Every structure is written in C-alpha cells, then in structure tokens.
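Trainee: Sharing a structure below in structure tokens format, with a few things to ask.
Every number here is computed from the coordinates shown, using simple stated rules; none is lab data. Owing to the predicted nature of the structure, the values given are computational and were not obtained by experimental measurement. Cβ sites come from the backbone with ideal geometry, for glycine too, and all protein chains shown count toward neighbours.
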Amino acid sequence: ETNHTLSHTTGDFFSQKKKKHFKNKKNFRAKFPRWSLFPPAANVVQNKIQNEGGEGDGDKVDLAEQSLLNKLIRHSLVKNRNQVEVQQADPSSPLFSVKTFQELRLKPELLQGVFSMGFNRPSRIQENALPLMMAEPHQNLIAQSQSGTGKTAAFSLAMLSHVNPDNTWTQCLCVAPTYELALQIGQVIEQMGKFCPNVKLAYAIRGNRMERHVKLQEQIVIGTPGTILDWCTKYKLIDPQKITMFVLDEADVMIAMQGHRDQSIRIHRLLNKDCQMLLFSATFEDSVMKFAERVIPDPNIIRLKREEETLDTIKQFYVLCREKEDKFTALCNLYGCLTIAQAMIFCHTRKMAAWLASSLIKEGHQVALLSGEMAVEQRAAVIERFKNGKEKVLVTTNVCSRGIDVEQVSLVVNFDLPVDLEGNADNETYLHRIGRTGRFGRRGFAVNMVDSINSMEIIKQIEMHFSEISLF
Ligand SMILES: Nc1ncnc2c1ncn2[C@@H]1O[C@H](COP(=O)(O)OP(=O)(O)OP(=O)(O)O)[C@@H](O)[C@H]1O
C-alpha cells in the first residue's frame with residue numbers, strides 16, 4: 001500500500017483502546033457491506049439535488065479577500081527551497097543578485113528602515129528582483145512568486161529608493177486591486193520609509209476627496225485603478241508624464257476583477273514610454289502573462305515556483321456514513337483524536353460549516369468557525385487564535401484551504417469531499433487541504449467522510465488521481 005492509497009477506517013489510525021471503542025459504533029465501518037443499505041441510485045441523485053438546493057453553493061473564495069487575509073495573518077516569510085528562475089530581457093547582461101541589503105547601496109536612512117522591520121537579508125525573490133529594479137539604466141520586471149515571499153517589501157523598497165525627495169511631485173505610482181490591499185501596502189511603505197522624512201505617500205482610494213487641479217506633492221501614490229485614473233485625468237492631481245516608476249501589484253487578482261484590467265491599461269497608456277514598469281503576481285497563469293506582456297515592454301521575468309505540496313507523509317482514510325447526522329456522530333467519535341494536536345474540518349458550504357460547528361458546540365466540544373460570510377478582520381482573528389493554539393479544532397469551508405499553513409495541523413477531516421462546480425472531484429483543493437510542502441513535511445492524517453454512492457465515486461477519483469501522479 002502506498003501512502004497515496006486511501007484506507008478506510010481500520011486499525012492504523014487508532015490506538016488499540018480506541019479501536020475497541022469504535023468497533024461498537026455504527027459509524028465506523030471497516031468493510032463495505034453497507035452498500036446494500038443505500039437507496040437505489042435514482043434516490044441518491046435526488047438526495048444530492050435536495051442537499052445542494054438546501055445548502056447553497058460552495059463557499060466562494062474571493063481572490064482579493066484571500067490576499068488581504070494572507071497579509072493580515074502573515075508575520076514572516078514563506079519558506080521556499082526552490083531556485084529562482086530568471087529570464088533576462090538582455091541575456092548578455094550580467095545576472096545580478098545580492099545576498100545582503102548593504103550591497104544595494106541604499107540611502108542610510110532607508111537601510112535603517114529595512115533593518116528596523118527585522119529584515120536581516122533579502123528573501124529569495126528579493127535577491128534577484130531588488131538589483132534588477134534598481135539597475136541603471138532602468139529595467140522592466142515581471143515577478144511571480146506565491147504570497148508571502150517578499151514581493152511587497154521588494155517593490156516598496158524599490159519605490160522608496162527610486163524617488164527624489166527634493167522633487168515635490170508624484171514620481172511613483174502603485175496600483176493595487178482593492179482599498180484594503182492598498183492600505184496594507186501603504187503601511188509597509190510607511191514603515192520602511194519612516195526614517196526618510198521627506199518622502200511622502202498619498203492614498204488614491206475611494207473616499208479620499210481632493211481638491212481638483214492642485215498637483216499632489218507626495219512622491220509616491222498608491223491606490224486602486226479607478227481612483228488613480230480619476231486623479232490623473234478628471235482631477236489632474238498627478239501628471240502621468242512625470243511618473244518614472246509604475247508598479248502593478250497583485251496582477252492576477254487585478255485582472256480577475258471587473259473593470260480593473262481595463263482601467264490599469266488606461267493608466268498605463270497615460271504614462272511616458274520611458275517609465276519603468278514593474279508587475280507582480282502570485283500566480284503565473286496564461287491570462288496574467290498575456291496581460292503582463294501587454295503592459296510591460298521588454299520585461300525581465302523572475303519566477304519562484306511554489307513548493308510542491310505532497311501527500312507522501314499523510315495517511316488517508318475514509319469513513320462510510322449514511323447522511324449528515326451519521327457523519328456528525330462519526331466525527332464526535334473521532335473527537336478525542338482531533339484534540340491531540342490541531343485539526344481542521346472542511347465543509348462545502350457556509351451553512352453546513354455553521355451547522356456542524358454549532359452541533360459540535362452543543363455536544364460540549366470547543367471549536368472555532370471560519371467561513372466566507374465573516375469579515376476579513378474577523379477571519380484573521382480566528383486564524384490567529386488557531387495558529388496560537390488557543391483553539392484546537394477549526395471548522396471551515398474552502399475559504400481557508402490555502403490560508404493556513406497546514407503544517408501545524410496534524411489531522412484534516414473532509415466532512416464534505418472537495419468538488420468543483422460540476423460536482424466532480426476537486427483534486428487540487430484536496431491537495432491544498434491536506435498536503436504538506438517539502439519532502440520532509442511532518443506526518444499527518446486525513447479522514448474523508450463518504451456518505452453516498454456519489455461521494456464514494458469522488459473519493460475513488462481522488463485516489464486514482466493521486467496514485468497516478470505518484471507514478472512519475
Ligand atoms: N527580507 C525579508 N526578511 C524577513 N522578512 C521579510 C523580508 N521580506 C519580507 N518579509 C516579511 O515576510 C512577510 C511577507 O512579505 P511580503 O508581504 O512582502 O510578501 P508578498 O510576496 O508581497 O506577499 P503577498 O502576495 O501576500 O502580499 C511579511 O511579513 C514581511 O514583513
């Protein structure tokens with residue numbers, strides 16, 4: 001048996017004592033004879049439709065919110081052992097990389113700002129991106145690496161280093177997808193630039209009312225595409241021709257948002273063609289690349305691939321149940337194991353997650369709930385408590401499958417199996433929910449609740465998918 005093979009609940013998972021206890025429980029079926037108890041296929045389909053109608057769609061992941069959440073909960077760099085790939089616009093020019101911030105020859109007050117944030121040395125992506133962004137003559141850059149690898153800090157430093165504080169007009173423009181994300185980036189710039197008193201920052205975000213035709217004196221402006229466009233055109237607060245550095249952050253989130261893509265292109269058109277263009281993205285899909293190539297001429301491209309998640313160290317099980325209540329009882333039986341370390345329980349819909357959390361609480365268990373209807377700050381607070389071990393069990397939906405570093409979680413329960421919009425197995429989400437990065441990730445357990453012929457089919461699809469992958 002490989003680790004990719006799903007086992008149904010048998011001995012491995014439970015201690016001898018627990019095994020005896022579970023043997024008598026109707027929910028832990030070590031074999032398959034329960035199939036005969038299932039209603040005919042037609043009824044199962046009926047059942048599925050009713051369930052979906054009653055529970056609503058799966059909890060949707062909003063990219064901008066997810067990104068903000070990541071920023072709110074991230075206190076340090078994400079570990080990544082992959083090599084940075086660099087594709088240079090001019091392959092004959094030497095490849096620069098720095099191992100220290102001192103090598104960048106920053107202004108002393110800026111270096112002081114960097115160190116005051118606790119950054120001792122550049123992150124992987126910063127090693128290559130920083131010298132490229134600061135090179136003379138200037139170079140354009142497309143940089144892609146997952147959230148938490150130091151992109152924001154990199155371009156904040158580049159902007160602060162780029163501006164001439166003696167010139168009291170806007171020189172750097174940074175576009176972000178939402179009001180909240182712009183504020184987060186602005187905080188990094190303010191913190192890093194706190195020893196540079198003459199460098200000023202303005203926020204081009206909704207609600208920030210300005211007098212028309214009075215040019216801004218702030219050297220750096222950060223904001224959302226619509227407001228930046230207004231400030232450049234309608235309000236004439238910024239002369240786009242005087243912009244010498246243009247940063248497009250979270251390009252992947254940006255182009256997924258209605259109107260943002262076109263507004264960004266419109267801002268870009270107003271700029272001088274000699275303006276330095278920098279684009280950052282956490283993902284590297286075709287749509288992002290197409291967009292990037294449209295707005296960034298002759299780019300250098302830097303990529304840091306996400307560390308692969310694997311199921312190598314995860315033992316996987318499934319539990320056969322009849323319906324939601326049955327799954328609930330199974331979960332209660334498992335409860336002692338959940339709290340040995342920390343556990344996450346995934347549901348498909350917000351409604352199901354809320355029901356499950358409140359049912360568990362009614363049973364006297366202590367659990368936290370995290371789902372999409374909560375405000376991002378509220379979600380961040382729940383995750384923070386969970387990370388600090390204040391809560392042992394977290395009931396959640398897909399809003400969280402990527403947000404939490406699962407290495408600290410040793411048991412994941414798929415109360416509902418991950419499915420896509422068509423109801424097919426969602427292998428990628430399965431991997432994000434239970435996978436670990438790195439080959440030496442800590443061990444973990446995953447328990448999947450199977451409650452219909454349909455979900456049995458899904459778990460089989462998942463099993464097949466991962467056992468096929470493991471052949472390579
Ligand atoms: N060189 C560094 N040394 C130590 N910590 C760093 C360094 N650069 C960034 N950090 C910290 O690592 C975390 C992630 O950095 P940052 O926000 O810049 O990443 P990001 O790639 O922009 O992520 P996101 O896409 O979520 O915005 C932050 O808490 C930041 O303060």
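Trainee: Using θ = phi - 60° and the Karplus relation 6.51 cos²θ - 1.76 cosθ + 1.60, list the HN-Hα couplings for segment 200-213 in order, rounded to whole Hz, with x at every Gly or Pro.
Mentor: Result, rounded to whole Hz: 10, 10, 10, 9, 8, 10, 4, x, 8, 7, 10, 6, 5, 6.
Trainee: Along Cα→Cβ, 7 Å out, is where each label goes; now give me the distance between the ones at I340 and Q366 in nm to one decimal.
Mentor: With each label point 7 Å from Cα toward Cβ, the separation is 2.0 nm.
Trainee: Moving on. So how much slack lies between T233 and A381, counting 0.36 nm per residue of separation and subtracting their Cα-Cα distance, in nm?
Mentor: On the way: separation 148, 0.36 × 148 = 53.28 nm, distance 3.95 nm.
Stretched out fully, the T233 to A381 stretch lengthens by 49.3 nm.
Trainee: Note down, for segment 296-441, the three equivalent ellipsoid semi-axes (square root of 5 times each alpha carbon gyration tensor eigenvalue), biggest first, whole angstrom.
Mentor: 28, 18, 17
Trainee: Ok, one more. Would you please put 101-113, 309-321 in order of how densely packed they are, using the mean number of other Cβ atoms within 10 angstrom per residue and starting with the highest?
Mentor: Answer by packing, highest mean first, reads 309-321, 101-113.
Trainee: For segment 84-304, what is the relative contact order in percent, using Cα pairs closer than 8 Å and at least 6 residues apart in sequence?
Mentor: Once divided by the residue count of segment 84-304, the mean separation gives 29 percent.
Trainee: Once label points are set 7 Å from the Cα along Cα→Cβ at both D298 and Q241, what is their separation, rounded to one decimal in nm?
Mentor: In this crude label model, D298 to Q241 measures out at 2.3 nm.
Trainee: Continuing with this model, one more query. Is the shape of segment 137-271 best called rounded, prolate or oblate, per the rule: a/c under 1.5 gives rounded, else a/b larger than b/c gives prolate, else oblate, with a ≥ b ≥ c the square roots of the Cα gyration tensor eigenvalues?
Mentor: The shape class here is rounded.
Trainee: For segment 84-304, what number of Lys pairs, 8 or more residues apart or on separate chains, have alpha-carbon atoms under 23 Å from each other?
Mentor: Lysine pair count for segment 84-304: 22.
Trainee: Moving to a separate point now. What full-extension length gain, to one decimal in nm, is calculated for D262 and L77 as 0.36 nm per residue of separation minus the Cα-Cα distance?
Mentor: Additional length available on full extension: 63.4 nm.
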